[in-house]
Amino acid sequence: KCSGDKKYFSFLKVLFKSQANWAFTEESIPTLKRIAKIGGMSEEDFDTCMANEKIEEEILQTKKEAVEILEVKSTPTIFINGLEYDGRRTHEDVAEHIDGYLTN
């Protein structure tokens with residue numbers, strides 16, 4: 001969210017590709033800081049972002065709504081035309097369903 005509109009999705013791509021390196025360790029902040037730097041974010045901007053309580057609250061609220069309203073249990077989870085597709089589905093499975101909607 002702090003990386004800016006132009007870098008948001010490319011930053012997310014790197015973030016999720018490297019998730020195994022940062023998500024399950026106590027040393028996640030230094031790793032995330034390195035990822036942010038690769039994505040073009042300065043260390044100062046990263047620290048400012050991490051200290052931003054408004055952004056933290058927005059993220060926590062989004063998570064709460066996903067769990068309570070949509071009953072999301074894992075990531076990635078996407079919804080296509082009201083149907084849930086979670087991380088157990090392959091890219092090909094999801095693409096097949098999207099293609100089905102596009103041809104109808």
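Some notes on this structure:
- Residue count for region 62-71, restricted to those that are surrounded by fewer than 12 Cβ atoms within 10 Å (Cβ to Cβ) and part of a helix (DSSP H, G or I): 5
- Among (1) at pLDDT below 85; (2) surrounded by fewer than 10 Cβ atoms within 10 Å (Cβ to Cβ); (3) among the aromatic types (Phe, Trp, Tyr), the one test that Tyr8 misses: (2)
- Scanning region 5-25 turns up no residue that is part of a loop (DSSP other than H, G, I, E, B), free of Cβ contacts under 8 Å to residues at least 40 places away in the same chain, in contact with a helix residue (DSSP H, G or I) (Cβ under 7 Å, 6 or more places away or on another chain) and closer than 30 Å to Tyr101 by Cβ.
- Hey, Ile59 under 14 Å from the mean Cα position of the chain (by Cα), assigned to a helix (DSSP H, G or I) and of a type in the set (A, V, I, L, M) or not: yes
- Hits in region 72-104 - residues which are part of a loop (DSSP other than H, G, I, E, B), over 17 Å from the mean Cα position of the chain (by Cα) and touching a residue at least 12 places away in the same chain (Cβ under 8 Å): Asn81
The values are calculated or read from the model by the stated rules, or taken from the named source; none is laboratory data. Not measured: the values here are computed from a predicted model. Every residue, glycine among them, receives a Cβ derived from its backbone with ideal geometry; neighbour counts consider all protein chains shown.
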